[in-house]
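Let me begin by presenting the structure, written as C-alpha cells, before commenting on it.
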Amino acid sequence: MQLLESMRLFARLAELGSFTKAAQSLNIGRPQVTRYIQELEASLGVRLFQRTTRKVALTAEGERFYARVQDILADISAATSMFDRTGATLAGRLRIDIPTAFAQMKFIDSLKGFTDRFPGINLVLGVTDRAVDLVGEGIDCALRIGNLPDSSLIARPIARATMVTCAAPDYLSTHGHPDTLEALAGHRGVNFLSGQSNRILPWHFSVKGHNRTLVGQAGITVTESNAYVQCGVSGFGIIQAPGITVAEHLHSGALVEILHAYRPAPRPVSLLYPSRTHLAPQVQVFIEWLQENFVQLQAEWLSK
C-alpha cells in the first residue's frame, strides 16, 4: 500500500512540478512528500527528479517511470470503480471550475442532485471566466462555452448553447431597433475582453448559412460575463450572449432580442479535463451526470 501511495504522490508531483503544490493538493505535509519521493528513488535505485530552488522536473528515468505509473494508476482506478457507479462507494474530492454565468442559473441548484447521488464525493467549486491551468491549479475538470483553442486537454461535448443578440428596451427606444446587420453601424455595443486571448470577442451572425463576424462600437468593455449581461440590462448597448445567461431578463422584458433572423450557430458547451487515460472515477461519473442532466436545465436554450 505504501508503494501505491508513493506512486500516486510521485504522479502528482510530476504533474504539478512543485513539492509545496503536491503537498497542498493531497492535504499532507511537504516533508512527507520529500520523504516518500526519497524512499521511492532509493527503492528504485534511480533519481526521478531534478531539483533546483525554483523548479522540480522529471529526469529521463523519471519520464519513463511516469508513463508506466499513469497506466498503473488508471488500471487501479478502473478496477476499484468497475462494480459501482451508484455513488455508494465512490469517495474523494472533485474540483471543478465553471463559467461565472453558470453560477447564476439553475446549474448550482442541480449540483445538489449530484451530491445527493454521490454523497461520498466532496465538490470543490471554482467560478471564473479566465482560462485555467487544470494541472497547475489542481483542477479535475472545467466547463466552458465556445470554441476552444488547440491544447493537450480533452474536450468532451456536453451540449450546444443558443446565442441571442439583445438590448434593453430603453436603449432601443432611444437608438432605434436594428433589423439588418448594416443598421448596427449606428449602434453602440458592450464589448467583452477575453482573458485568454486579450482581445475583444466579436459578435457572430448567420447570413444565408455563412458565419459573419462584427465588432460593435463600444459603449463599455468588460472582462466578466455577469457584468457583461448587466451592462446590457443597464442600457450601455447591444450584447450577444448565450440564451441561458439572459433567459430571465428576456422573460421579464429587461432585455429584448434583436436580429433573430441572423442568429448564429449554437456554441458548444464542453467539459475539459487533462487526461483520457488517467480519468478518476469521480470525473467519469460527473461527465455521465452532466450528459444526462445538463440540457434539461434550460431546454429552451440548450440542445444536444
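Each peptide in 247-259, 161-173, 204-216 gets a packing score, the mean of other Cβ atoms within 10 Å over its residues, and the list from highest to lowest is 161-173, 247-259, 204-216. Seen through its C-alpha gyration tensor, with square-root eigenvalues sorted a ≥ b ≥ c, the range 163-265 comes out rounded because a/c lies under 1.5. Compared with the dominant principal axis of the Cα atoms in the chain, helix 30-44 is inclined by about 60°.
Could you size up the charge dipole of the chain around its Cα centre, putting +1 on the beta carbon of Lys and Arg and -1 on that of Asp and Glu, and report it in debye to the nearest 20? Intermediate results must be reported in sequence, preceding the final value.
Working: 29 positive and 26 negative charges, 122 e Å.
So the magnitude is around 580 debye.
How high is the relative contact order of the chain, given as a whole-number percent (alpha carbon pairs under 8 Å, six or more residues apart)? Walk me through the numbers before you get to the answer.
Numbers: 495 pairs, mean separation 66.7, N = 304.
In percent, rounded to a whole number, it is 22.
Report, in degrees rounded to the nearest 10, the 0 to 90 angle that the Cα long axis of helix 106-117 makes with the longest principal axis of the chain. Here the helix axis deviates by roughly 30 degrees. Spatial offset of the range 238-290 relative to the range 165-212 amounts to 19 Å, using the alpha carbon center of each. Here LYS208 is the anchor, and the lysines within straight C-alpha reach of less than 24 Å, apart from those fewer than 8 places off in the same chain, are LYS304. Relative to the longest principal axis of the Cα atoms of the chain, the long axis of helix 281-297 lies at roughly 10 degrees.
Each peptide in 26-32, 97-103, 220-226 was scored by the mean count of other Cβ atoms within 10 Å over its residues; highest first, the order is 97-103, 220-226, 26-32. With the charge dipole of the range 163-265 set up from +1 on Lys and Arg Cβ and -1 on Asp and Glu Cβ about the Cα centre, the Cα lying farthest toward the positive end among the listed residues ASN211, ALA247, PRO264 is that of ASN211.
Anisotropy class assigned to the chain is prolate, per the alpha carbon gyration tensor with a/c at or over the 1.5 cut-off and a/b larger than b/c.
Using only alpha carbon positions, build the gyration tensor of the range 124-216, then give the equivalent ellipsoid semi-axes as the square roots of 5 times its eigenvalues, largest first, whole angstrom. Mind showing how you got there, number by number?
Numbers: eigenvalues 214, 50, 32 Å².
Over the Cα atoms of the range 124-216, the ellipsoid semi-axes are 33, 16, 13 Å.
Which value, in debye to the nearest 20, describes the size of the charge dipole of the range 163-265 about its Cα centre when Lys and Arg Cβ atoms bear +1, Asp and Glu Cβ atoms bear -1, and nothing else is charged? Spell out each step's value before the answer.
Values: 5 positive and 6 negative charges, 66 e Å.
So the dipole magnitude of the range 163-265 works out to roughly 320 debye.
We did not get these values from a lab; they are worked out from the coordinates using the rules stated. Computed from a prediction, not measured in an experiment: that's the story for all the values here. When we count neighbours, we look across all protein chains shown, and the Cβ atoms used for this are built from the backbone with ideal geometry, even at glycine.
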